[in-house]
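The values are calculated or read from the model by the stated rules, or taken from the named source; none is laboratory data. Keep in mind the model is a prediction, meaning the values are calculated, not measured. Neighbour counts are summed over all protein chains in view; Cβ atoms, including those assigned to glycine, are modelled from backbone coordinates with ideal geometry. Keep in mind that these areas ignore ligands, DNA and RNA; they rest on the heavy atoms of the full protein, side chains included. Shrake-Rupley method; radii C 1.70, N 1.55, O 1.52, S 1.80 Å.
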Amino acid sequence: MATEAAIAGNRERFARPLFITTIIAGSFLLFLTQPMVARMALPRLGGAPAVWNSAMLVYQALLLGGYAYAHWIGRLRPRKQAGLHLALFAIAALWLPIGLLQTDLPANFAPALWVPWFLIASIGPLFFIVSAQAPLMQRWYALESSRGEPYALYAASNLGSFAGLISYPLIVEPLLTLQQQSLLWTAGYALLVLLVAGCALTIPPQAIEADQTEASPAPSRRRVLHWIALAAVPSGLMLSTTTHLTTDIVAVPLLWVVPLGLYLLSFVLAFATRRGPTQFITQVAPLIVLIAGGLSFFDGSQRPIFSATLGLSLLFVIAVALHGELYRLRPAPDHLTAFYLSMSAGGVLGGAFCAIVAPTIFDWAYEHPLLVLAAAFLLPQRNYFGFIERLWQRPRLGPALTLLLPTAVLLLSIPADRYFWSGAPEWVRFAAPILIATLSLISIGRPAMLAACLAALMLSYGGWSTLKVSWGDTRTRSYFGIYEVSTRPSGSARVLTHGTTVHGVQSLRPGLQHEPTSYYTRLSGVGLAMDAAAPFYGARARIGVIGLGTGTLACYRVPGQSWTFFEIDPVMVRIARDAKRFTFLSGCAPDARIVLGDARLTVGRQAPASLDLLAVDAFSSDAVPMHLLTREALDVYGRALQPSGLLLVHISNRYLDLKPVIAANAAARGWQARILSYSPKYEETVLEEAHPSVWVALSRDPAILDSLARTGPDKGWQRLRANPDFPVWSDDYATILPLLRGLTK
């Protein structure tokens, strides 16, 4: 007996650290997988932010499957659970090393549906079995009652997820190739199997010998739906915050890491044993929601740091408050897996709403304010002042406030939006939001009233004018982004913007409608190259352009030339072809061929040496499609170009210095490179709508570049020399970390 007691004591001494290590290891692998697989998918799916949203949606769907499996397996005896679980680990190992299916994006197939299927088929079994660790290990941990409540282990799970999230862009991607990353993940998987086996050995013998009977009552359907809602809103808000920040505030590289990291840390805080921080955040959450959530429609591009901080703070506060409410409503440990299954279902619903539904039904990121409003309904709250609570409880005054308060704040919001009602007096525009905010304090403690006042604040700070644009036809949205066509107040030009980045300008001045503008003017790198196409390659030069935009480059076409545009987004094609919006394409190259699909694939399908000049201008906002800048991409372009062909790459970027990438790849493949940084004069900016631009010209024929250099201004085209210390980008290795401005040499 003494020996058995000693063995049991030793087992319990190591049980908690072992379970925590296992849960952290599994969560770390999960969040290492998402960016790694998305990185592998770039050459096949493209570089739009939607790839990351799809990867997140797949993660949540597989997480739901793993949690459902963990819930179902709980019906078996613990000994059988361990045997089945380890057997499934062995079956999933057939998919090692982790990677993608060798298949390409089908033609005319909706990426919103195909991308999730592709990722699930590639990583599904591995992700599925690993995702079950957090709930299943907690259930095994709870089999021994002396170990205490298992829910604190969920905080450890999200800590592991956070570690995996930040380690990928900061450590794993800069140091390892994708093949090495895959092998690292395989080693982690093997370690996880050993840890799970160790956890199985700590299950008490009496638990292995007998079924576990559930003593506590099952949660009601209403409680389960409440769990789902509390999980869905923060999940969706995390994705909508990412879209909102990158679309309307600032498209900084790696910014997507911050909302996801805050979302994970909110679980760590909300499920921690110490309740003080969560309780404090929950108490101030209604105020934060009114202040920061009221600016959901506000154009934050002029103050990006302030606006981004406000938006991220809003996400974190809402996530902590709602996840804290989930923790408060947690069931007894015998219903633990059902609880996590409901949470996972909520996460999938929130993710699906933002990643699939919203881009289809909205022309703007309306999912963001809608989710903030939903959070206002769900927040646990009470008014900060007792006398206000007593006002609501009065028999006549309470119903009157319920009717009058929403009506008053809604009416006040109309003159508050200066861009919606320009005729409102200045003092009214100034006083209305202050009055709405003051009345909103009365609403705290009444979720429906708080949501109504919050909606009025949103409408007063740009909401009405945003809705007004949606009533017209100047804005559209696709799986790849939000595009808006606007006319300058002076009537001098029509502009296409994608988020905060201008993607095309057409002059409306008489005689200048078909003159190339913005990054493509006559003195820009691409303008000089296009004008030189006929002298270099003859009257029947073959021109290719990756990235259609408004079709500005089409106005360099001269009779006899054949032009082909490669574009991934069908919505962009509709915009460029719509003569009511832009006439570059219809007026200059109506017979130009447009090939729809990812450029790496579509250019790769072109006949060898079928192009004389190819311009690469496919950046989405300030995001960088890595797969279009690797040495394999350069090989694709080289195959499509004739031996003396000319390649132009647009590398203008507010946050990244891409010169080392182009220079290293060119040197590795035997290309010569020159660069032209164009800074227009004031009169060129005003009259010609010229924008600063940076273009790199590459060719395997030095004579072509020498001739091109003579077409520009003196000292315009400079030789681009490779840095021997900079690694060559490939499909197997690429990182933007050393390219961030301020970090490059």
Next on the checklist: Just checking, does the stretch 694-709 include any residue being charged (D, E, K, R), at pLDDT below 90 and in contact with a Ser or Thr (Cβ under 7 Å, 6 or more places away or on another chain)?
Outcome noted: no
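Report whether or not MET572 is out of contact with any Pro (no Cβ under 6 Å at 6 or more places or on another chain), within 17 Å of TRP695 (Cα to Cα), hydrophobic (A, V, I, L, M, F, W, C) and outside any loop (DSSP other than H, G, I, E, B). Steps first, please.
Values: out of contact with any Pro (no Cβ under 6 Å at 6 or more places or on another chain): yes; within 17 Å of TRP695 (Cα to Cα): no; hydrophobic (A, V, I, L, M, F, W, C): yes; outside any loop (DSSP other than H, G, I, E, B): yes.
Spelling it out, it is not the case that MET572 is out of contact with any Pro (no Cβ under 6 Å at 6 or more places or on another chain), within 17 Å of TRP695 (Cα to Cα), hydrophobic (A, V, I, L, M, F, W, C) and outside any loop (DSSP other than H, G, I, E, B).
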Checklist entry - Only one residue in TYR419, TYR384, TYR366 is surrounded by fewer than 17 Cβ atoms within 10 Å (Cβ to Cβ) and either in contact with a Lys or Arg (Cβ under 8 Å, 6 or more places away or on another chain) or under 30 Å from THR476 (Cα atoms) (or both), so which one is that? => result TYR419
Checklist entry - Would a scan of the stretch 608-616 turn up a residue that is open to solvent by 30 Å² or more (accessible area, probe 1.4 Å) and within 18 Å of GLY549 (Cα to Cα)? => result no
Checklist entry - Taking the stretch 519-569 as the region of interest, how many residues are outside any loop (DSSP other than H, G, I, E, B) and among the aliphatic types (A, V, I, L, M)? => result 12
Checklist entry - Among (1) under 30 Å from GLY324 (Cα atoms); (2) open to solvent by less than 80 Å² (accessible area, probe 1.4 Å), which single condition is ARG390 missing? => result (2)
Item to check | Residues that are at pLDDT 90 or above and surrounded by fewer than 14 Cβ atoms within 10 Å (Cβ to Cβ), drawn from the stretch 87-105 | outcome: ALA87, ALA90, ILE91, LEU94
Item to check | Among the residues listed as LEU467, LEU459, LEU496, LEU454, the single one being over 26 Å from ALA376 (Cβ atoms) and within 28 Å of the chain's Cα centre (by Cα) | outcome: LEU496
Item to check | Selected residue (only one of ASP706, ASP732 is of a type outside the set (Lys, Arg) and in contact with a helix residue (DSSP H, G or I) (Cβ under 7 Å, 6 or more places away or on another chain)) | outcome: ASP732
Item to check | Those residues of the stretch 564-575 which are open to solvent by 10 Å² or more (accessible area, probe 1.4 Å) and at pLDDT 95 or above, in sequence order | outcome: THR564
Checklist entry - Listed residues LEU641, LEU596, LEU601; which is of a type in the set (A, V, I, L, M, F, W, C) and surrounded by 22 or more Cβ atoms within 10 Å (Cβ to Cβ)? => result LEU641
Next on the checklist: For the stretch 195-221, which positions are at pLDDT 85 or above and in a helix (DSSP H, G or I)?
Outcome noted: LEU195, VAL196, ALA197, GLY198, CYS199, ALA200, LEU201, ARG221
Checklist outcome for this item: Residue hits (the stretch 662-696; in contact (Cβ under 8 Å) with a residue 60 or more places away in the chain, open to solvent by less than 40 Å² (accessible area, probe 1.4 Å) and either touching a helix residue (DSSP H, G or I) at 6+ places or on another chain (Cβ under 6 Å) or part of a loop (DSSP other than H, G, I, E, B) (or both)) are ASN665, LEU676, PRO680, GLU689, ALA690, HIS691, TRP695, VAL696
Checklist entry - Among the candidates GLY293, GLY300, GLY350, GLY346, which residue alone is under 24 Å from the mean Cα position of the chain (by Cα), open to solvent by less than 40 Å² (accessible area, probe 1.4 Å), more than 23 Å from SER161 (Cα to Cα) and at pLDDT 90 or above? => result GLY293
Checklist entry - Among the numbered criteria (1) crowded, with 21+ Cβ neighbours inside 10 Å; (2) not in a loop (DSSP other than H, G, I, E, B), which single criterion is violated by GLY587? => result (1)
